[in-house]
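Encoded as structure tokens, the structure appears first; notes follow it.
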Amino acid sequence: MTDTYADERPAASTDFDAIVVGAGFAGLYALHKLRDQMGLRVRVFEAGDGIGGTWYWNRYPGARCDIESLHYSYSYSFSPELQQDWEWSEKYASQPEILAYLSHVADRFHLREDIAFGTRVTSAVWDEEHAHWQVGTQHGASVTARYLISAAGNLSVPKTPEFDGIDSFAGEVYLTGTWPHEGVDFTGKKVAIIGTGSSGVQAITEIAKHASHLTVFQRTPNYATPLQNEPSDPNRVAAIKANYPSVREASRNTRVGIPYDKVLPSALAVTPEERRRVFDECWDEGGFRFFLGSFEDILVDKAANDTIAEYVRERIRQRVSDPAIAEKLTPTDYPYGTKRPPYETNYYETFNCNNVTLVDVSGAPITTITETGVRTTDAEYDDVDVVVLATGFDAMTGPLLEMGIVGRGGRTLADKWADGPHTFLGLSVHGFPNLFLVTGPQSPSVLYNMPLAIEDHVDFLSDAIEHLQRNGLDTIEPTSQAENGWVAQTNEIAQHTLLPETDSWWMGANIPGKPRVCMVYLGGAAVYRGICADVVANNYEGFTLAAEGSAARERASAHIS
Ligand code: N01
């Protein structure tokens, strides 16, 4: 595939005003906002052959969102007409339905024409002299733009498998994060799946319905709780559509972008009966309500956490017939919610089926994918037709470090982030002017309803660009002082929670050798939005705004002559 934009280059000091990397939720909105509302010249580079980002790649069986599509609104809010027109068929949308929604958005706003598909960005170098980014792609093209916007997602680089021998396996191997578009027929096949995170839990339940045998390799049991999916209720749909602006406003003023209105202060301040009533209610409502809708202190007080953890354990034991299997499926050695909890539909019941075997590899790690199956340090599991890797992602920093970003003085982002991410507000980096990270590390991102988090960041960066243009400025860059303060604040907030205790991708601890540091700002979306608003109100406090590069020189020479 070749890039198609070479002959479109306008006669300007840069090829484009902005380059956006990625055409998922973030890239599509960034393109619409910058191009259609601000009149900028924008090019989107997308590695995939279609729009959708995470919903383009993750097509594994059972893939589905676990934030409610309508009520808590896993969708864009920027267009009231779009909100009214689109109909979600289920409480929690499936991957095909979300992809259809994004496809509708791309068509409705004529976005595809400015997206170069099948084009991965391989380098992005800040040109100090001209104050612009020089962006290279896998096809050898190189273009310039004043602004570089990463909309590359938080979970878009699959983790490199830690096992030897994958290439020698005689059967089929699939990664949940790069699933074949034509689908996979598991009928009558003997399947091995590795990983029991959100992807694994969803895939296991579906694959077990078709495979002749499914062997599940579990290293850490998860606290999976019911999704409670159901068809959309027309009365509820009508009520929300009649009140969309206030629903959105309420979402944005919460911790995670989901307006749970019944959260009580402490699990320890109520009677055991009341606590159980609350947990039962959250369980029955399902999804994130169980994780974040019960008591405020679940993620900060170990004793409070023990109460919900024990509740889930009890539920698991009730649902799994064989007590020995139930024991293996029950997490005991880390607090509830310190790994991102999966949501499920009949996951635990799947292990009551005769065609499903659970292998606990916590004490005997997988070493090799052999020609015929999976080898651990103490056993061999042969006669496998298909291996499915649901082993997760190099989250948050992975997609940014893959892009070959080089800032002022030739310093690479990889070098700057050698001990973990350093950002201001999770959307900008000192030494990397005019670079914006949509839902970057150290923003609320993955713990804030993503479409809303994305819209907030795109609105912030487009306002900043508008501010620069209005004031005849070329660059925006956080000061090192502001950045250091933000990193310290993010880490300090994390230390007040239970999250750092557990190995999770939130902590970078799922990748051997990756710096262990909290990747998410845990102060909550509402607080974070207030901080961003103050930064803007105080004339971009924490940022240096400057006139530099060719635009400044052109203005200066025009002035002299
Ligand atoms: O990845 P994960 P995921 N040997 O990292 C195991 C979002 N998401 O793709 O816990 C054996 O959670 C690993 O074991 P352990 C959501 O934010 C959302 O499932 O490291 N096992 C773990 O069990 C989610 O959190 C949705 O001990 C190995 C699993 O692989 C995020 O994406 C759906 C191993 C990886 O779990 C990532 O989820 C899907 C090894 N060497 C995903 N290496 C919804 O919206 C790894 N594992 C519903």
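The values are calculated or read from the model by the stated rules, or taken from the named source; none is laboratory data. In this text, all values refer to a predicted model and were calculated from it rather than measured experimentally. Positions of Cβ are backbone-derived with ideal geometry, glycine not excepted, and every protein chain shown enters the neighbour counts.
Exactly one residue out of Ser77, Ser94, Ser89, Ser103 is touching a residue at least 12 places away in the same chain (Cβ under 8 Å), within 14 Å of the ligand (Cβ to nearest atom) and polar (S, T, N, Q): that is Ser94. May I ask you to list pairs of residues, at least six apart or on different chains, whose Cβ atoms are under 6 Å apart, with the first in region 394-406 being under 11 Å from Trp506 (Cα atoms) and the second being among the hydrophobic types (A, V, I, L, M, F, W, C)? Filtered contacts from region 394-406: Asp394/Val157; Asp394/Ile511; Ala395/Leu155; Ala395/Trp505; Met396/Met519. Within region 30-53, the presence of a residue that is over 27 Å from Gln134 (Cα atoms), within 16 Å of the ligand (Cβ to nearest atom), at pLDDT 95 or above and within 23 Å of the chain's Cα centre (by Cα) is excluded. Across region 329-342, a minimum of one residue is classified as surrounded by 18 or more Cβ atoms within 10 Å (Cβ to Cβ) and over 30 Å from Gly524 (Cα atoms).
Assess whether Val278 counts as being within 16 Å of the ligand (Cβ to nearest atom) and not aromatic (Phe, Trp, Tyr). So Val278 fails the test. Cβ-Cβ contacts under 9 Å between residues 6 or more apart (or on different chains), taken from a first residue in region 208-223 that is farther than 12 Å from Phe351 by Cα and assigned to a strand (DSSP E or B) to a second residue that is more than 10 Å from the ligand (Cβ to nearest atom) and among the acidic types (Asp, Glu), are listed as Phe217/Asp360; Gln218/Asp360.
Condition check ((1) assigned to a helix (DSSP H, G or I); (2) surrounded by fewer than 19 Cβ atoms within 10 Å (Cβ to Cβ)) across all residues:
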position: Asp456; (1), (2): yes, no
position: Phe460; (1), (2): yes, no
position: His467; (1), (2): yes, yes
position: Gly472; (1), (2): no, yes
position: Ala494; (1), (2): yes, no
position: Gly513; (1), (2): no, yes
position: Leu522; (1), (2): no, no
position: Ile531; (1), (2): yes, yes
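Just checking, does region 211-218 include any residue being surrounded by 17 or more Cβ atoms within 10 Å (Cβ to Cβ), among the polar types (S, T, N, Q) and within 16 Å of the ligand (Cβ to nearest atom)? Yes, region 211-218 has at least one match. In region 197-207 there is no residue that is more than 16 Å from the ligand (Cβ to nearest atom), among the polar types (S, T, N, Q) and crowded, with 20+ Cβ neighbours inside 10 Å.
Collect the residues in region 151-192 that are touching a Ser or Thr at 6+ places or on another chain (Cβ under 9 Å) and away from the ligand (no atom under 16 Å from the Cβ), keeping them in residue-number order. Those that are touching a Ser or Thr at 6+ places or on another chain (Cβ under 9 Å) and away from the ligand (no atom under 16 Å from the Cβ): Ala151, Ser168, Ala170, Gly171, Phe186, Thr187, Gly188, Lys189, Lys190. Among the residues of region 364-387, the one identified as crowded, with 20+ Cβ neighbours inside 10 Å, of a type in the set (A, V, I, L, M, F, W, C) and part of a loop (DSSP other than H, G, I, E, B) is Val384.
The set of residues in region 346-368 being within 11 Å of the ligand (Cβ to nearest atom) and of a type in the set (Val, Ile, Thr) consists of Val359, Val361, Ile366, Thr367. Test His139 against the stated conditions and say whether it is of a type outside the set (S, T, N, Q), modelled with pLDDT under 95 and assigned by TED's automatic domain parsing to the domain that holds Ala453. So His139 passes the test.
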